[in-house]
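Remarks on the structure that follows.
The values are calculated or read from the model by the stated rules, or taken from the named source; none is laboratory data. For clarity, every value in this text was computed on a predicted model and none was experimentally measured. For neighbour counting, all protein chains shown are included, and Cβ atoms are generated from backbone atoms with ideal geometry for every residue, glycine included. Only protein heavy atoms, including side chains, enter the accessible area calculation; ligands, DNA and RNA are left aside. Shrake-Rupley method; radii C 1.70, N 1.55, O 1.52, S 1.80 Å.
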Amino acid sequence: MTATAPPSPPSSSSRRRLPADVVRGALIGSAEVVPGVSGGTLALVTGVYETLIGGAGHVVTAARYAVTGPRSQVRAELALVRWSVVVPVMVGMAAAVLVGSAVLEPVVTEHPVGSRAVFFGLVVASLAVPARMVGRWSPPLLLVAVVAAVAAFLLTGLPAASERDPSLLVVAVAAAVAICALVLPGVSGSFLLLTVGLYEPTLRAVADRDLAYVGAFAVGAVVGLGSFVRVLQHLLDHHRAVTLAVMTGLMAGSLRALWPWQDEDRVLAAPGGDVLPVVLLAVAGAALVVVLLLVEDRLQRRTADVEDARVR
């Protein structure tokens, strides 16, 4: 049996990108707190999506080997995870969820039109990320994207369920479904929780440190993630263009939930009132994504230049 090589010390490029990865995680975590905004979308925009999916896949495989064997493969799988990226991203996500549960939700509640406008612009600009990753758009891929967009449009039009004091089993099942949104761009986990009436109870449990509720949610999330991530990783490996086309469609269709002018039953309305500030907020959201994309491109070019210099 070949011994697993010890992990190499963090490179200077890894140390330089650590603060940026924490910020990336914070953006993803913030998105997961806000209904209608997909954490998977932010992971795509910030350039860590496939790293997180791949890492989650290796962790799930390691857990399976830990139970069924061979145990020797556990360390081998864990060694394949890019921990230098995954750990700071997860730290940023956790911090953002804790802060967001106390800060972002009241802002969205008190300023729904303006908040949705910002997120609408953010997601519109984000469409460029999976669309560009598809490569050449053929008619079948366009059809797949349209079908996914229609499905997301219909889903986001469902009225929210009445919120109640849920059982821990219901919480675990809802978490298992909602966590899939973390790895599926275009689908908002918070939006799914809102639809089944568990959004405010979940935020309240996090803010109040309700360990029983949070524990049930965590168990459901682990089960859901372990069941889904390998499927998604397989699709990205073997049906990449189709999978990304579906993601693009889901993101486009989910814009319905972010249309600034709608009532509590999610019935869309024509723009009204003071339209200009709302439009400017949407533009600001789009500009934020453009800046993130430019920063990410610059970081990738700099990393590539460092690697080229090292090879020479």
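At-a-glance table
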quantity	calculated
Residue 121 under 23 Å from residue 260 (Cβ atoms) and either of a type in the set (Gly, Ala, Ser) or modelled with pLDDT of 80 or more (or both)	yes
Looking only at segment 101-140, and only at residues there that are in contact with a Ser or Thr (Cβ under 6 Å, 6 or more places away or on another chain) and surrounded by 23 or more Cβ atoms within 10 Å (Cβ to Cβ), the one that is farthest from residue 246 (Cα to Cα)	126
Among (1) open to solvent by 30 Å² or more (accessible area, probe 1.4 Å); (2) under 20 Å from the mean Cα position of the chain (by Cα); (3) modelled with pLDDT under 85; (4) not polar (S, T, N, Q), the one test that residue 23 misses	(3)
Residue 246 more than 18 Å from residue 193 (Cα to Cα), in contact (Cβ under 8 Å) with a residue 40 or more places away in the chain, of a type in the set (A, V, I, L, M, F, W, C) and surrounded by 13 or more Cβ atoms within 10 Å (Cβ to Cβ)	yes
Residue list for segment 249-274, filter: of a type outside the set (Gly, Ala, Ser), at pLDDT below 85 and surrounded by 22 or more Cβ atoms within 10 Å (Cβ to Cβ)	250, 251, 258
Identity of the residue in segment 53-78, in contact with a helix residue (DSSP H, G or I) (Cβ under 6 Å, 6 or more places away or on another chain) and in contact (Cβ under 8 Å) with a residue 24 or more places away in the chain, that ends up farthest from residue 97 (Cα to Cα)	61
Residue in segment 264-281 that is within 21 Å of residue 30 (Cα to Cα), out of contact with any Pro (no Cβ under 7 Å at 6 or more places or on another chain), in a helix (DSSP H, G or I) and not small (Gly, Ala, Ser) present	yes
